[in-house]
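The values are calculated or read from the model by the stated rules, or taken from the named source; none is laboratory data. Bear in mind the structure is a predicted one, so any value in this text is a computation, not a measurement. Note: ideal-geometry Cβ built from the backbone for every residue, glycine included; neighbour counts use all protein chains shown. The accessibility values were calculated without ligands, DNA or RNA, using every heavy atom of the protein model including side chains. Shrake-Rupley method; radii C 1.70, N 1.55, O 1.52, S 1.80 Å.
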Amino acid sequence: MTQQPTPLKTLQHRIDHSCRQAGRPDGEVTLLAVSKTRSADEIRALSAQGVTDFGENYLQEALAKQPALADLGLTWHFIGPIQSNKTRDIASHFAWVHSLDRLKIARRLSEQRPPSLPPLNLCIQVNVDDEASKSGVALAEVPALAAAIAQLPNVRLRGLMAIPRAGATDNNQAAFRTLAMTLSQLRHTMPGQTAACLDTLSMGMSDDFETAIAEGATLVRIGTALFGPRHVQ
Ligand SMILES: *Cc1c(COP(=O)(O)O)cnc(C)c1O
């Protein structure tokens, strides 16, 4: 009897293959397992297979699951919309925030980051499609926001994140390329002080991560391809 590879094995194989095709070394891309709607047991099972980084969109849901998983030493990433009355809990219970789109929120996160913890890692969420809709800052606003965040003591700007609009015919290649170029420009306009920290391009999900890796993603956010379809609540 042949054994089916696990979804994680299949996914890792696809990630490695995409890296090789892009001429990038294996292991350059971090897998962020997006665990919204998944139980603590499902997260524990994936952790047992070696996954260390988990992403949550809803604060209350994350806070409910985290205590049962505290023994695993997981790295938690917040990837959902942020209301200002939630910043204290986010600053206390996560290592990363990918969905930063306002200076006011960055200030609160920095002020509320517990002194016992290392700086909170931040990515600015960019609205790469420049649609009037959705979350994320417009491309033109990225440099000023990045410069302001770089002054805050208890957060560390690590890079950029995007969720391109669904259904693009190029599998979001143009959007990913724009985000990669924007990060590269930011590295040039913010020399010295923070350049070494701008190492993260958080882009690519289950349907488009291979394209994102070809365009330079350093972290892919994967839910469905790891856990199966989400049950709508
Ligand atoms: C849900 C979600 C993902 C994962 O989506 P899949 O298509 O299930 O891989 C990635 N990033 C964000 C911000 C999400 O909300």
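Tabulated data for the structure shown
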{"item": "Listed peptides 103-109, 32-38 by packing density, highest first (mean Cβ within 10 Å)", "result": "32-38, 103-109"}
{"item": "Packing-based ranking, highest mean first, of 11-19, 51-59 given that Cβ atoms within 10 Å are counted", "result": "51-59, 11-19"}
{"item": "Neighbour-limited loop hits for GluC sites (Glu not before Pro), the stretch 107-180 (at most 11 other Cβ within 10 Å; DSSP other than H, G, I, E, B)", "result": "131"}
{"item": "Ranked by how many other beta carbons lie within 10 Å on average, peptides 176-187, 208-219 from highest", "result": "208-219, 176-187"}
{"item": "Mean Kyte hydropathy of -1.0 or more with a Cα span along the axis of at least 15 Å, helices from DSSP in the chain", "result": "173-189"}
{"item": "Approximate spin-label separation residue 57-residue 207, in nm, with each point projected 7 Å along Cα-to-Cβ", "result": "1.3"}
{"item": "Most mobile of 81, 118, 143 in a GNM of the chain (Cα contacts under 10 Å)", "result": "118"}
{"item": "Inter-label distance, nm, simple model (7 Å from Cα along the C-beta direction), residue 70/residue 168", "result": "4.2"}
{"item": "Over the chain, relative contact order from alpha-carbon pairs under 8 Å, at least 6 apart, %", "result": "19"}
{"item": "Gaussian network model of the chain, springs between alpha carbon atoms under 10 Å - residue of 146, 175, 22 with greatest fluctuation", "result": "22"}
{"item": "Heavy-atom surface of the stretch 7-227, accessible at 1.4 Å and reported per residue (Å²)", "result": "45"}
{"item": "Mean ellipticity per residue at 222 nm, deg cm²/dmol - from DSSP H runs of n ≥ 4 across the chain, formula -39500 (n - 2.57)", "result": "-10000 deg cm²/dmol"}
{"item": "Gyration tensor (alpha-carbon) shape descriptor, the chain, a/c threshold 1.5", "result": "oblate"}
